[in-house]
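These notes are about the structure you will find just below.
The values are calculated or read from the model by the stated rules, or taken from the named source; none is laboratory data. Because the structure is a prediction, the values reported are computed rather than measured. Cβ placement follows ideal geometry from the backbone for every residue including glycine, while neighbour counts extend to all protein chains displayed. These accessible areas exclude ligands, DNA and RNA; they are computed on the full protein's heavy atoms, side chains included. Shrake-Rupley method; radii C 1.70, N 1.55, O 1.52, S 1.80 Å.
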Amino acid sequence: MSETIARLQNTLKIIDSSKLFQGTVIAVIVISALLIGAKTHDLPEPLVDFLGILDVTVTIFFAVEIVIRYLATERKSEFFKKGWNIFDTIIVIGSLIPDGGSGVLLARLLRVFRVLRLVSMVPELRMLINALIKAIPQMTYIALLMFVIFYIYAAIGSIIFHDINEFLWGDVSVALLTLFRVATFEDWTDVMYETMAVYPLSWIFYLTFIFLTAFIFLNMMVGTVLEVMSAEHELQRASSHGETAEGGEPASRAQVDALQEQLTHLQQLLEQQQNAKR
């Protein structure tokens, strides 16, 4: 009995790791995305019925696929320790909710999120999402500093420009929205020229704000994400090559180079000792 279970598990593991199966899953995810878009159009009744049958087929396929992945895992408790497996399971279970009744809106929304399963199936996309998640703590402090700058400029703008255009500078909250418009370059020159008609030097206010937000803080955000993505790519590359450091963590390129230098140095010492004995 145990041998039969082991053979079945090995078979499922081979199926789960095969490129054909993974490619099929990605293709079905794409089909699911197209189904979601097709249902937003006014279609003939026969085509709507066909799309409904196709949607049920896709849902059943996803359920079978998640079961195969679960059964192929040697330690079942390890399956739900991975965040992507939990995400896929929630999406698949949510897709099983019937369209009828009070859960129709929830069912449709969860079917929309099935498109995100493409992220969990493609390693490169997983790496991008993992890097973005790891960069959030550092980006939070940058965003907090940006909010402080926004708030200072909004307070200054609401005090100085309140009488010029109350709709744009009536209070701090409205001024924050106006500054967001300026930061995104959405007709910001119209706002600037309006205040320059009364305060000719008000261009300093806008240019310094844009310099801080659009050039400095935005580049800080991009630099933080790129730094984390570079580290994540290095970890993935080291893991794929089986390079591990102490504690089972993937070793960096610098650690591997240092280890190679130490081995070379030890080899030279051994050669010198052998030559000395001769």
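Which residue pairs have Cβ atoms closer than 6 Å, lie 6 or more positions apart in sequence or on different chains, and pair a first residue in the stretch 125-151 that is over 16 Å from residue 222 (Cβ atoms) and not assigned by the TED database to the domain that holds residue 230 with a second residue that is surrounded by 15 or more Cβ atoms within 10 Å (Cβ to Cβ) and among the acidic types (Asp, Glu)?
Pairs found: 127/232; 130/232.
Tell me which of these residue 72 doesn't satisfy, since it passes every other one: (1) open to solvent by 70 Å² or more (accessible area, probe 1.4 Å); (2) under 21 Å from residue 118 (Cα atoms); (3) more than 26 Å from the chain's Cα centre (by Cα).
(1)
Restricting attention to the stretch 225-233, does a residue exist that is loosely packed, with under 12 Cβ neighbours inside 10 Å, over 23 Å from the mean Cα position of the chain (by Cα), modelled with pLDDT of 75 or more and assigned to a helix (DSSP H, G or I)?
No - not one qualifying residue is present in the stretch 225-233.
Could you grab me the full set of residues in the stretch 195-217 that are at pLDDT 90 or above and either in contact with a Leu (Cβ under 8 Å, 6 or more places away or on another chain) or open to solvent by less than 30 Å² (accessible area, probe 1.4 Å) (or both)?
195, 202, 205, 206, 209, 210
If you go through the stretch 192-210, how many residues are of a type outside the set (S, T, N, Q), touching a residue at least 24 places away in the same chain (Cβ under 8 Å) and either outside any loop (DSSP other than H, G, I, E, B) or closer than 14 Å to residue 153 by Cα (or both)?
So the answer is 5.
Quickly run through the stretch 194-220 and pick out the residues that are touching a helix residue (DSSP H, G or I) at 6+ places or on another chain (Cβ under 9 Å) and more than 22 Å from residue 162 (Cα to Cα).
Matches in the stretch 194-220: 212, 213, 214, 217, 218, 220.
Cβ-Cβ distance below 8 Å, separation of 6 or more or different chains: which pairs start in the stretch 1-26 with a residue that is more than 16 Å from residue 67 (Cα to Cα) and end on one that is surrounded by 10 or more Cβ atoms within 10 Å (Cβ to Cβ)?
From the stretch 1-26, the pairs are 26/118; 26/121; 26/122.
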